[in-house]
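A.B. asks: Let me begin by handing over the structure; questions about it come next.
The values are calculated or read from the model by the stated rules, or taken from the named source; none is laboratory data. Note that the coordinates shown come from a computational prediction; the quantities given were computed from them, not determined experimentally. No Cβ is skipped: glycine too gets one built from the backbone with ideal geometry, and neighbour counts run over all protein chains shown. Just the protein is used for accessible areas: all its heavy atoms, side chains included, with ligands, DNA and RNA removed. Shrake-Rupley method; radii C 1.70, N 1.55, O 1.52, S 1.80 Å.
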Amino acid sequence: MGKNMRRMKMWMMENAYLVTIGCVIAIVACSAVYANEMKQTQRADVQAAADAPETQESIAPSPAPTPLPTIAPLTVRPAALVRKGGAWPVDGRVLRAYDAQESVYWMQLGTWQTHMGLDIAGEAGESVRACMDGTVMDAVWDELWGWRVRIAHEEGRETLYAGLESCTVQRRESVLRGQTIGTLMESVPCEAEMDTHLHLEMIREGRHQDPEATLDER
């Protein structure tokens, strides 16, 4: 046993350079293997980082928020554009007002009775216009009143126009506010004591009303 140990020591002393070279080679080999493993690990990390955007793109985008409904501003019509009632059928002044209380003497009729209409001055041949939209109920010739035109409107209203020399509408015809329905005669037979005028009556649900209170202001 002792001899073998001595032989081993003598061999190592004689071949020390070979042992040193072998250790160096082993160290270099181990370093190379370690470096190669580190490079592969770094490449894997880089590849994983490169794949990240694709993973993000696969995620569905969140929906955009739904806008809240807006409320349209309230439109208020100017008072000047709101029509109170009907248009004036002729442009003259009032000769005799509506009066459902006091009786007046009708010279041509030889009787006293209330004046249930409005007499508006005009010129012979002047156009007479419908006060409101409606439908012609009657258009007849009367020896005392000339042509009389009666028009029905909404809300149970009616207008009666008397003292017309001519009539340009007929029964059941639709008419518009401001549309010509005839022309004035020079003198209304039953009111011959007065100048040329239109006799206008307004009726609502069977009852006479003051036309002047229903017509537009002027």
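A.B. asks: Extension gain Asp210-Asp99, at 0.36 nm per residue separation less the Cα-Cα distance, in nm? Don't skip to the answer; put the middle values down first.
C.D. replies: Values: separation 111, 0.36 × 111 = 39.96 nm, distance 0.78 nm.
The Asp210-Asp99 span can extend by a further 39.2 nm.
A.B. asks: Say R0 is 35 Å: what FRET efficiency, to the nearest 0.05, do Gln113 and Leu176 get from their beta-carbon distance?
C.D. replies: Details: r = 33 Å, r/R0 = 0.96.
Step by step, r from the Cβ atoms, then E = 0.55.
A.B. asks: For Met137, what accessible surface area do you get with a 1.4 Å probe? Give it in Å², rounded to 10.
C.D. replies: Result for Met137: roughly 60 Å² accessible.
A.B. asks: Which whole-Hz ³J(HN,Hα) couplings does region 179-193 yield from phi under the Karplus relation 6.51 cos²θ - 1.76 cosθ + 1.60, θ = phi - 60°, glycine and proline marked x?
C.D. replies: Values per residue, Gly and Pro as x: 6, 5, 10, x, 10, 6, 8, 5, 8, 7, x, 7, 10, 5, 5 Hz.
A.B. asks: State the extension gain, in nm to one decimal, for the chain segment bounded by Ile27 and Glu155, taking 0.36 nm per residue of separation less the distance between their alpha-carbons. Kindly include the intermediate steps, with their values, before the conclusion.
C.D. replies: On the way: separation 128, 0.36 × 128 = 46.08 nm, distance 11.43 nm.
Once the chain is fully extended between Ile27 and Glu155, it gains 34.6 nm.
A.B. asks: Also: Sum up the charges of everything whose Cβ sits under 14 Å from the Cβ of Glu143, counting Lys and Arg as +1 and Asp and Glu as -1, but leave Glu143 out. Please report the intermediate quantities before stating the final value.
C.D. replies: On the way: positive: Arg148; negative: Asp142, Glu165, Glu191.
Cβ neighbours under 14 Å give a net charge of -2.
A.B. asks: Check Val128: other-chain or 5+ apart residues with amide H under 5 Å from its amide H, H built from backbone geometry?
C.D. replies: Answer set, sorted by chain and number: Ile181, Gly182, Thr183, Leu184.
A.B. asks: Met194: net charge of surrounding residues, Cβ under 11 Å, Lys/Arg +1, Asp/Glu -1, itself excluded? Let's see the in-between values first.
C.D. replies: Numbers: positive: Arg96; negative: Asp119, Glu191, Glu193, Asp195.
Computed value for this residue: -3.
A.B. asks: Okay, moving on. If you plug each phi of region 112-127 into the Karplus form 6.51 cos²θ - 1.76 cosθ + 1.60 with θ = phi - 60°, what whole-Hz ³J(HN,Hα) values come out, in order, with x for Gly and Pro?
C.D. replies: For region 112-127, the Karplus curve yields 9, 7, 6, 9, 8, x, 10, 9, 10, 5, x, 10, 4, x, 5, 5 Hz.
A.B. asks: I would also like to ask the following. Over region 98-218, what is the relative contact order in whole percent, taking alpha-carbon pairs under 8 Å and six or more residues apart?
C.D. replies: Working: 299 pairs, mean separation 36.8, N = 121.
Relative contact order here is 30 percent.
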